[in-house]
Amino acid sequence: MVMKPIRSMVLVASQQNSLEPEALRVFQKFEEELKRLKLDDAVALSTISDIAPRSAAPLVIIYPEAAVYSPVSPEDVPYLVEEHLQHGRIATRLQVNAQESDGQLGWLAARKGALPAEQRIVLRRVGLIDPMSIEDYILHDGYEALAQALKQENPAALVNEIQTSGLRGRGGAGFPTGLKWQYVKGVADAGQKYVICNADESEPGTFKDRTILEGDPHSILEGVAIAGYAVGASKGYIYVRGEYGLAQERLRNAIHQAEQRGFLGDNILGTDFNFHVELHSGAGAYICGEETALIESIEGKRGEPRSRPPFPITKGLWGKPTLVNNVETLANVAPIIRNGALWYRKFGTANSTGTKIYTILGNVNQAGCIEVPMGITLREVIGIYAKGMRAQTTLKLAQTGGSGGSIIPASLQDTPLDFDSFAANGVSLGSGALLICNEHTCIVDLAKTLITFFKTESCGKCAPCRIGTRHMFNILERISKGQAELTDIARLEKLCHTIRKGSFCGLGQTTPTPILTALRHFADEFEAHVRDKHCPAAVCKNLLEYHAESV
């Protein structure tokens, strides 16, 4: 679906998650005025909750200026629309002054953000072009970056450009992409090098890579080819999750078209650069999202992680130096090469540059997939892009990055969504899946669900993951049934640390992350299940109490 371009966004806020009568009248008045002045196609109107004290409501925020107006009455709306949205002037009579305000309103008034409409770099063609047509791709700057890279005849400059851009891996770890490229390029006398695109997107709740593969498959081929030229590889593999049938169909078509047009194969674009790409379908194993297990699978072996070192950058596929990058990471490559590293650094934060694709799920009004600059907050994601929490509910927690991601409380919703800010708060950003949960979510039940997934998906190679996840499940099962002791909570935490330290691969090492972060931020809820035999969210069936009342 092609999104309408907008130049401004109006957010109407009130204290409650459902609009209070006065805020509702303000919202309706905005609708009337925008239609009257024929601005409704150029201005997006939405709501945001849990952002202002009751004394400031109704509150209105207008982007891209991030101007905060409070309190606003329905009678003020014509003035706001005409002054700010029609004439482009800040409506100073109603504006909240950052210097004169304190608390949350002061923070809002001091904030200057980009337009809350999506900033699409990776997804800019998705929904706009026919993914089965290479002509459409070429008409929208397709393969220009590859031609530019080959014309430059300087692979080292390409690596330097990626390093300068600050691009970090979008698969979850956030490792500097340019540094990984430099390591692979620096391996001499290898004879053969490989580039692998990790498209084994098996993390529950994550569908960002699928969106790219199905909507713009040529962008991945171009990114893989540029990476191959930069590091000195002549063969690339795209390892796609087996369940992604449509993505595989479109990738096969794209590979064929690119070979026919001379963008892949021998002597690409009349140069001496040869690069071939092969599509490899996974078989549904979650473990193959780990890069060494993925490599084992391509080689025809059982998908299990390898011992490291040696790392794939020196000894990867068939023992040769191998660059492994995520789909979203590689989709950023062509835009960076085409527009320059300094252009890319204009988006995001100083240490987490560019944009990030997030998939939004859970107790929100609008789920989906968005691409926004790194560094926005969870509050903005929920209030602006997800259109707020579902009626009459409040944010309790969010899990970032799929099943292996951190569980963060509502108190951290103003933490910038970037690698360093999250790390400073002891949580991880992960792959970009955002599971938003309201107060009706039981933290013990959620933890048990996550561990059920991990104990099922463990490849079984190492005992800490294979056996440890089953012990974790058993403890959580006892807690959910009111059969545990307080010592079980301590035992659960100790088991998490043991699994993290002893597991063979990164997937096993991240298994305890949601449990440890849940214990850190929601210890009282675990204790309520154990000490009081009570589930605060009224989810755990064994702890429910029923009372009969006479009528």
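Once the Cα-Cα distance is subtracted from the 0.36 nm per residue extended length, the F311 to Q192 segment shows a gain of 41.2 nm. Backbone N atoms of segment 72-93 closer than 18 Å to the 7 Å Cα→Cβ label point of A42 belong to residues 78-91. Across all directions, the average projected area of the convex hull around the alpha carbons of segment 127-176 is 5.0 nm². With Cα atoms as the point set, the radius of gyration and Dmax of segment 385-466 evaluate to 14.4, 46 Å.
Using the Cα atoms as the points, what is the convex hull volume per residue of segment 134-343 in Å³?
So the per-residue hull volume is 113 Å³.
Its relative contact order, with pairs defined as Cα atoms under 8 Å and 6+ residues apart, puts segment 134-343 at 30 percent. Once the C-beta distance of L342 and E65 is scaled by a Förster radius of 35 Å, the resulting FRET efficiency is 0.90 to the nearest 0.05. For segment 440-534, the extents of the C-alpha atoms along the principal axes are 39, 21, 21 Å, listed from largest to smallest.
A Cβ-based charge dipole, computed about the Cα centre of segment 183-245 with Lys and Arg at +1 and Asp and Glu at -1, lands at about 260 debye. Loop-only check: which trypsin sites (Lys or Arg not before Pro) in segment 248-342 are DSSP coil with at most 16 other Cβ within 10 angstrom? Counting only loop positions with at most 16 other Cβ atoms within 10 Å, the trypsin sites (Lys or Arg not before Pro) in segment 248-342 are K301, R302. Dipole magnitude for segment 134-343: about 620 debye, using +1 per Lys or Arg Cβ and -1 per Asp or Glu Cβ, origin at the Cα centre. Note on the chain: helix-only mean residue ellipticity at 222 nm, from DSSP H runs of 4+ residues weighted -39500 (n - 2.57) and normalised by residue number, equals -11000 deg cm²/dmol.
Summarised as an ellipsoid, segment 421-462 has semi-axes of 22, 18, 9 Å, derived from the eigenvalues of the Cα gyration tensor scaled by 5 and square-rooted, with the largest first.
Farthest towards the positive end of the charge dipole of segment 443-543, among the residues F504, I451, A484, is the Cα of F504, using unit charges on the Cβ of Lys, Arg, Asp and Glu. Charging the Cβ of each Asp and Glu at -1 and of each Lys and Arg at +1, and nothing else, the dipole of the chain about its Cα centre rounds to 1240 debye. For the chain, the percent of C-alpha pairs falling in each 20 Å distance bin, counted from 0 to the bin holding the largest distance, reads 20, 48, 29, 3, 0.
For a 4.7 Å threshold on C-beta separation, the list of partnerless cysteines in the chain reads C197, C288, C369, C437, C442, C459, C462, C465, C496, C505. In this structure the amide hydrogen of R170, modeled in the peptide plane, comes within under 5 Å of the amide hydrogens of N326, T329, none closer than 5 places in sequence on its chain.
No lab work stands behind these numbers, since they all come straight from the coordinates. If you're wondering where the values come from, they're calculated on a predicted model, not measured in any experiment. Note: ideal-geometry Cβ built from the backbone for every residue, glycine included; neighbour counts use all protein chains shown.
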